[in-house]
């Protein structure tokens, strides 16, 4: 019996096609919508779980191949969009209105490039089409405004129903709040724990974030008050640990990682920054200034994924100093490609956890 070419036939032939990360049928996950059949022309919408899906093209091609097996099909058009899932709520922690997923980018020690990773991951997610916010929670050393080209920005303070509300600064598709907007450039922040706790909660709950797919929190180094405040205040989709291949950095990274695990915050993986140095005059050479393989070894020992390795390139540092993230200024560079791939891996793991 000849199969009728209609929407139900299209859905049936797409039923075996799975999301590679979730390992479930696209049809069962309601990721195939708006099927239209006009003669031999098939059109439908593929709804991904994140705009930054690393397997986007792979899934589209799988869908096209499946539909083309139907008799009478002439063309297949796949419209791709995304709906980022909401992280699971926790009874003892209050979420941020409108924010779907809160992520911490943390490190055991300073100087490993944590803020560079946080800023570029945030911008890469925004470039993919996600709605992104960034909290610079490194209260004692707020660098994110400089790295995002917002060093001279001023945040607006408005009176809301719950008191004063901050309007975040905005650049490269990312909304930002930082202590750097509230103090003079040379002014030190000399605070004890309760004051630190208060400002982080203000950045979470008294900012007009609007609707966000991801709110990334650039944490201060270590395992202190800021980490405890964040982990205890809000339900977190996960934490990303940044380290260099150097032994002392890895030792501190393990401590920071264990802290999040003890606080029941899922650790999404490890990012190895400054993996190797690429000299600008000899781009084909690599120098392991801080050792090699440390991030991969640590990830294997702890049973966690290595999300990526970011090389040390001069444009990466220069872009940070000038307020132009490397993923914006030189997207084809090795470091920008690595950071974009890391952003995609983070988004994919958040979606898997939310839909598990």
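Please treat every number below as a calculation from the coordinates, not as lab data. Keep in mind that what you see is a predicted model, and the values were worked out from it rather than measured. Here the Cβ positions follow ideal geometry from the backbone for every residue, glycine too, while neighbour counts run over all protein chains shown.
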_I need to check one value: relative contact order of the chain, counting alpha carbon pairs closer than 8 Å and at least 6 residues apart, in percent._
20
_Euclidean distance between Cα centres, region 278-356 to region 97-167, Å_ = 19
*In nm, what is the difference between 0.36 nm times the number of residues separating residue 7 and residue 355 and their Cα-Cα distance?*
122.7 nm
*Compute the relative contact order of region 132-180 as a whole-number percentage, counting only Cα pairs closer than 8 Å that sit 6 or more residues apart in sequence.*
49
*Estimate the FRET efficiency between residue 184 and residue 24 by the formula 1/(1 + (r/R0)^6), using the beta-carbon distance for r and 41 Å for R0, to the nearest 0.05.*
0.20
*Give the percent of DSSP beta bridges with both residues in the chain that are antiparallel, rounded to the nearest 5.*
30
*Relative to the present Cα-Cα distance, how much length would full extension add between residue 38 and residue 158 at 0.36 nm per residue of separation?*
37.9 nm
*Two-decimal Rg/Rh across region 150-198, once Rg and the Kirkwood Rh are taken from alpha-carbon atoms*: 1.00
_Span from the region 230-270 Cα centroid across to the region 198-224 one, whole angstrom_ = 16
_Rounded to two decimal places and with Rh computed the Kirkwood way over Cα pairs, what is Rg over Rh for region 102-355?_
0.95
_Cα Rg over Rh - region 56-128, Kirkwood_ = 1.18
_Extension gain from residue 277 to residue 201, taking 0.36 nm per residue of separation minus the Cα-Cα distance_ = 23.5 nm
_I'd like the per residue volume of the convex hull spanned by the Cα atoms of region 1-141, given in cubic angstrom._
150
*Provide the FRET efficiency to the nearest 0.05 for the residue 211-residue 264 pair, computing r from the beta carbons and using R0 = 22 Å.*
0.25
*With everything on Cα atoms, drop me the angle between helix 334-355 and the longest principal axis of the chain, reported from 0 to 90° to the nearest 10.*
70
*Only Cα pairs under 8 Å and at least 6 apart count here; give the relative contact order of region 7-82 as a rounded whole percent.*
32
_Nearest-ten-degree value, helix 114-127 long axis tilted from longest Cα axis of the chain_ = 30
